[in-house]
Every structure is written in structure tokens, then in C-alpha cells.
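Contents: one structure, followed by commentary.
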Amino acid sequence: MEELLLSDELKMLRKTVRSFTREYVVPFEQDAGSTIEQLPTPVVNELQMKAKERGLWLFGTRSEWGGAGLSYFQQVVVLEEVVQHRFGLQQPGAGAFGEDLPCFLRECMPELFEKYVKPSIQSGNGCYIALWEPEESNNLDNLTCYAEKKNGKWFVRGKKSYVSNVEHADFGILLVQSITETGERKPTLFLLDRKDPIGKREQVLLDVQLSHELFFEQLELEDTRRIGGVGDGVQLLEEWLTSSQVLMSARYLGIAQKALEIGIDYASLRITRGKPLSEYPTIRTMFAVSEAELQAARFSVWNAALKMDQKRKDRDHAAKIAKLNASETAAKVVDRVLQIHGGAGFTRDVPLERWYKELRISRLHFQSSETLHESIVQYLLEK
């Protein structure tokens, strides 16, 4: 299947990013030590310079904006390679390739594009997106955070939870229920400036992932901060949410693949009762099952990415299946490799303990596994 789907150019790109990650990112992480949560800024800047020199910048950002403009399929193939290091799941390439911007920013007003989007493309810091609310979990239909329009301006009140990249991002994007001057309620997107008076509270999840809760107390926004039309918020987010599930799924695969390699290396060297662990049938079965599940999950991710590129009607359904398969498979693979390592797997000498926690959190990202089950069966019943 790989020979049919991967062009020679894509194979070369995959080889290039694999070499870059192993030659530059992994050694920098090893030199920094296992107790840090991210590489120092000067190191990241050096990595970004090397990546830009090789044309490896903002894989998913539109080429006319200054990114690589890769298709979704090309992105998932590349992402599986660039996440194969300690910080890879949350920080692919440790930030070397920049943080992509969502495609719906094409709908923002020209002055916003010049002031916020263009500089962020240069810096690679990306943006944060504040969607989820504590009361609604994965549901965007009943927003409680709202913006009321008075005298031509919007006044925002409410809060958002589990927002990532707040401290690092160049700007933010906020989804609220807008209340027009006629009293209509419509979901709408707004752009947030780093200097806006927004309350913030850190939320550290399982001691491996930093997120924030944001509080809005009569935040005043000009109408020029609006992205798209009033009421277009959820519609603009649809493609981004679907593609994000597919791209995150590729990250899960990369982590699982690297964990499996670590497990095989360890089992081949670890001598127990006179022979390597890799010679015991139970261990061999763990590896065989992991490889089979990884292959199946990979093809579901590739299938979803291809449907995204082709704009197939069932692409959202395919993305949900990909996210479910990849997240559940990665969690099982890392769990098995931890079991093989025993107590050594929970030290910081290897990143398994970190990945185990991150993957547990990731199974709730965008949509939880239980919500995905419900969405998938609902699609089948309505066909």
C-alpha cells in the first residue's frame, strides 16, 4: 500500500524530516536533560533556522502565506516522523518547523491579516484557540461564553477551559455566542490580542501538559476583530476540527511507532533467566499485536487524510474513525512497552511514562472516545 500511495518526492521528504529529527532534535533534547519541559528558546531558534534553510517550515500553512502548503496526506506522513522524540506529541520537532495557523484565518479582515497573521508566519509561534467550556465538554452547540454588541462594539463575558499554547502564541482565537443588537444569538469567532485584559489560570494536566483557563470580564472588542460573519463560527471551525483530528492521529502513530522501537531494543538486550526477553512468546506476541494494530491504524489515518484532500462527503466520519483507532492503538502500544520495561519504564531515562500520560489526556482531545463511538454509530444509522 505504501508503494502505491507515496510518491518518490514524498518518500524523500519523509526521509529528510526523519534525518533532521534524529540528527538535530533528539541530540538537543538529550543534552538538555530529562527534567525540562521544553528546549531553551535559543536552541529552538537555532533549530528553526536550520529547518528554514532546508525548506521545512510550517508544513500545513498555505504556500501563498509562506508555508510549505502540504496536502493533508503529505502532512500525516511527515508528522509521524517529526514527533518521534521525547516532546514530540505536544511539540513536534521541538518547535523546529513552526506552529501552523488554521486555514479559516483567510476570513479575517485585511488589517488583521497584516497585523497578526503575517508576523506569526514569520515567528512560527502560532495561535491559541479557545473553544471548550467546562460545562459543555466537547459540545459547541450551547456556548455560555458570549459577546454582546452595544454601540458597534462587542463586550465579552464568560470563560474557556483547556486552552493550549496561551503563553507561547502570538495571538488567540475565541469562539463565543454573539448577541446582536436585535437580540439574536449566533456563534462567532474573534481574534484576541496578547495585550487584551484576559484573566488566566494555569491548568497542569497529569504533570505533563500545560493548559489555561481564560476568564473574560467585559472584554471590549472592535467589530474589526471579528473573523468571518456573525454566526459563521462553528461553520468556519468544521474543517479545522476535522483536519485537527486527522493530524493529531498521525502524531499518535509516530509516538506509538517510536515506543515499539524502544520496546524491541530493550527486549533484545535485557537478559532474563539466561536469554533475552525478546525470545519469550508472551513478549513476542505483544510486539506482533502492536505492529498489526499500528498498520491498521495507519491506514485509517491515511484514508481520512486522502478524503480530506478530496473533500469527500464522508471525510468527517473517516476522521473520527482515524482519531479513535490511532489514539486507542497508541495508548495500548505504550502500555505494553511499559509492561515490558517493568519499573525501568517509569523513570525519566526513557519517555514512556511521559507518553503514557500524554496519550491518556489525548484520548479526550477534540472529542472523547465515547463521543466518537456515538458519532460513528449515528452516521451508520443515518446512512
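Find the relative contact order for the chain and round it to a whole percent, using C-alpha pairs within less than 8 Å whose residues are 6+ positions apart. Can you show the working numbers first?
On the way: 619 pairs, mean separation 55.5, N = 383.
Relative CO of the chain lands at 14 percent.
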Discussion item. Explain nothing, just the number: dipole magnitude of the chain about its Cα centre with +1 on each Lys and Arg Cβ and -1 on each Asp and Glu Cβ, in debye rounded to the nearest 20.
Written reply: 580
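Taking the beta-carbon count within 10 Å as an exposure proxy, list Met248, Met308, Met109 from fewest neighbours to most.
Numbers: Met248 22, Met308 25, Met109 15.
The most exposed by this proxy come first: Met109, Met248, Met308.
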Worksheet entry | Cys103-Gln203 pseudo-label distance in nm [points 7 Å out on the Cα-to-Cβ vector] | 2.8
Worksheet item: Against the longest alpha carbon principal axis of the chain, how many degrees, from 0 to 90 and to the nearest 10, is the axis of helix 315-341 turned?
Response: 40
Worksheet item: Thr41 to Asp223: FRET efficiency via 1/(1 + (r/R0)^6), r the Cβ-Cβ distance, R0 41 Å, to the nearest 0.05?
Response: 0.70
Worksheet item: Hey, if you put +1 on the Cβ of every Lys and Arg and -1 on every Asp and Glu Cβ in segment 189-272, which of Ser243, Phe190, Ala267 ends up farthest toward the positive end of that dipole?
Response: Ala267
Worksheet entry | Whole-angstrom gap from segment 36-61 to segment 64-78, using each part's C-alpha centre | 16
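When a/c is below 1.5 the answer is rounded, else prolate if a/b is larger than b/c, else oblate, so apply that to the chain with a ≥ b ≥ c taken from the square roots of the Cα gyration tensor eigenvalues.
Numbers: a/c = 1.77, a/b = 1.64, b/c = 1.08.
Note, shape of the chain comes out prolate.
Work out, step by step, the length gained on full extension between Lys357 and Leu5: first 0.36 nm times the residue separation, then minus their alpha carbon distance; give nm to one decimal.
Working: separation 352, 0.36 × 352 = 126.72 nm, distance 3.29 nm.
Using 0.36 nm per residue and subtracting the Cα-Cα distance, I get 123.4 nm.
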Practice prompt. Would you compute, from DSSP H runs of 4+ residues alone, the mean residue ellipticity of the chain at 222 nm, taking -39500 (n - 2.57) per run and dividing by the full residue count, rounded to the nearest 500?
Written response: -15000 deg cm²/dmol
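Compute the signed sum of charges (Lys and Arg +1, Asp and Glu -1) over the other residues within less than 14 Å, Cβ to Cβ, of Gly183. Intermediate results must be reported in sequence, preceding the final value.
Details: positive: Lys149, Lys150, Arg185, Lys186; negative: Glu148, Glu181, Glu184.
Net charge around Gly183: +1.
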Worksheet item: With axes computed from alpha carbons, what is the tilt in degrees of helix 8-20 against the longest principal axis of the chain, rounded to the nearest 10 within 0 to 90?
Response: 80
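Among 285-294, 27-36, what's the highest-first ranking by average C-beta atoms within 10 angstrom per residue? All intermediate terms of the calculation are to be shown ahead of the outcome.
Working: 285-294: 16.3, 27-36: 12.2.
Taking the mean over residues of other Cβ atoms within 10 Å, the ranking is 285-294, 27-36.
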Worksheet, complete the sentence: At q = 0.12, 0.14, 0.15, 0.25 Å⁻¹, the log10 of I(q)/I(0) for segment 127-227 from a Debye sum over equal Cα scatterers comes to -0.37, -0.49, -0.57, -1.47
Practice prompt. Can you tell me how much longer the chain between Val26 and Arg273 gets when fully stretched, taken as 0.36 nm per residue apart minus their C-alpha distance, in nm with one decimal?
Written response: 85.6 nm
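Within segment 54-195, what percent of beta bridges assigned by DSSP are antiparallel, to the nearest 5?
65
Can you give the % of DSSP beta bridges in the chain that are antiparallel, to the nearest 5? If you can, show how the numbers build up before the last one.
Details: 35 of 42 bridges.
Around 85 percent antiparallel, to the nearest 5.
Given the Cα-Cα distance of Ser63 and Ile376 and 0.36 nm per residue of separation, how much length would full extension add, in nm? Numbers along the way, then the final one.
Numbers: separation 313, 0.36 × 313 = 112.68 nm, distance 3.36 nm.
Length gained, Ser63 through Ile376: 109.3 nm.
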Practice prompt. Using a 10 Å cut-off on Cβ atoms, rank the peptides 371-378, 201-208, 3-10, 69-76 from the highest mean neighbour count down.
Written response: 69-76, 371-378, 201-208, 3-10
Item to complete: Along Cα→Cβ, 7 Å out, is where each label goes; now give me the distance between the ones at Gln339 and Asn142 in nm to one decimal.
Response: 4.0
Discussion item. Nearest 10 degrees is fine. How inclined is helix 41-53 to the longest principal axis of the chain, computing both from alpha carbons?
Written reply: 90
Worksheet item: Using a basic spin-label model with each label point 7 Å from the Cα along Cα→Cβ, how many nm lie between Gln295 and Glu238?
Response: 3.7
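Since every read-out is calculated from the coordinates, none of them should be taken as a lab result. From a predicted model like this one, the values you see are computed outputs, not experimental measurements. Cβ atoms come from the backbone with ideal geometry, glycine included; neighbour counts cover every protein chain shown.
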